[in-house]
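Worksheet: one structure, shown below.
Every read-out reported here was derived from the displayed coordinates using simple, explicitly stated rules and does not represent laboratory data. Keep in mind the model is a prediction, meaning the values are calculated, not measured. Here the Cβ positions follow ideal geometry from the backbone for every residue, glycine too, while neighbour counts run over all protein chains shown.
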Amino acid sequence: MESFFTVGQQVAILFILIAVGFLCGKTKLLSETSVKSMTSVVLYIVTPCVIINTFMREFDQKMLTGMLIAVGAALFAHAVAILLAFLIFHDKDERRNRVYKFALVFSNCGFISLPLQQALLGSDGVFYGAVYIAVFNIVQWTYGVFISSGDKKELSAKKIILNPCIIAIAIGLLLFLFSLPMPELIKSPIGYLSALNTPVPMLIIGFYLSQSSFASAFKDALSFLCVALRLIAVPLIVFTALMLCGIRGTILVSCIISSGASVAAATTMFAARYNNDTSLSVNLVTLSTLFSVITLPVIVGMASSMGG
């Protein structure tokens, strides 16, 4: 019941923020140009700040071991989703096909997962959630960029290494491993920018929803299949694998929360950046968020009772 209430509350907040973006789109307060600029700010400034902010904590050997396990679990979760996407989605429209594949692979492990991990697992759960986000960003800026652009040239080593999110991961690891103090003059701005990770992506999604027909999502069988794989198949496969490996407790539940979250808001931002089907991306994000009210509490409850 606690899981149902917590997830339901987070989803309700998300839909309110999406509604604000929707109204801004309908009333022309937001335009296509301004939203694309907001997308760049989120991808290149806000997300790196979220990563650094979550790694600013005292070093702990036990947490380091758990972090390595969480890295392995996150890599496995993304590998499973990539394989499923490769095997299942072969839409003739490449712009739609790219969106389906991206949506299946990447979960909303920031907005949905972190608050739930905080509520159910405390600071340790949030830490492992941040580790998942770090892996998410590495995969997003490699596989995600490739699948969205369809251009291998976008995957140059220089672009990957100099990507703000990869740099943020390196900085965050240094802060954690060496317990480096962060001056308040720098720490506070990072915290303020991190706080934008929730409202701005939702406003972006709301804007694109105002420009598309959400009803079309309910007529698209592939959308339902993509959402079912994202919300049910991926977390269940990850749960089974972790249980077989003897992983229990906070790490297990935290990874299941991250891998079982709805379609990432970045799906719409990447679709917009690489001129793919933004209407489809909005439909997938909204549809999966709606159904996650039911699926996420059930899967998290199962993980807590069987592996807690």
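Annotations
- Shape category assigned to the stretch 169-308 from the gyration tensor of Cα positions, a/c cut at 1.5: oblate
- Sequence of 153, 187 once ranked by neighbouring C-beta atoms within 10 Å, starting from the fewest: 153, 187
- Amide hydrogen neighbours beyond the local backbone of residue 107, cut-off 5 Å, H modeled: 264
- Distant alpha-carbon pairs in the stretch 229-308 (separation over 19 angstrom), percent: 42
- Gyration tensor (alpha-carbon) shape descriptor, the stretch 134-214, a/c threshold 1.5: oblate
- Think of the chain as having a plus end and a minus end, set by charges on the Cβ of Lys, Arg, Asp and Glu; of 52, 149, 205, 149 sits farthest toward the positive end of this dipole.
- Gyration tensor verdict on the stretch 32-168 (Cα atoms; rounded if a/c is under 1.5, prolate if a/b is larger than b/c, oblate otherwise): prolate
- Net lengthening on full extension, residue 187/residue 146 (0.36 nm per residue, minus Cα-Cα): 11.5 nm
- Residues 37, 279 arranged by fewest to most Cβ contacts within 10 Å: 37, 279
- Flagged links, alpha-carbon separation over 26 Å, of 36/101; 92/152; 62/101; 26/159; 28/153; 26/187: 62/101; 26/159; 28/153; 26/187
- Taking the centroid of alpha carbons for each part, the stretch 47-98 and the stretch 222-282 are 9 Å apart.
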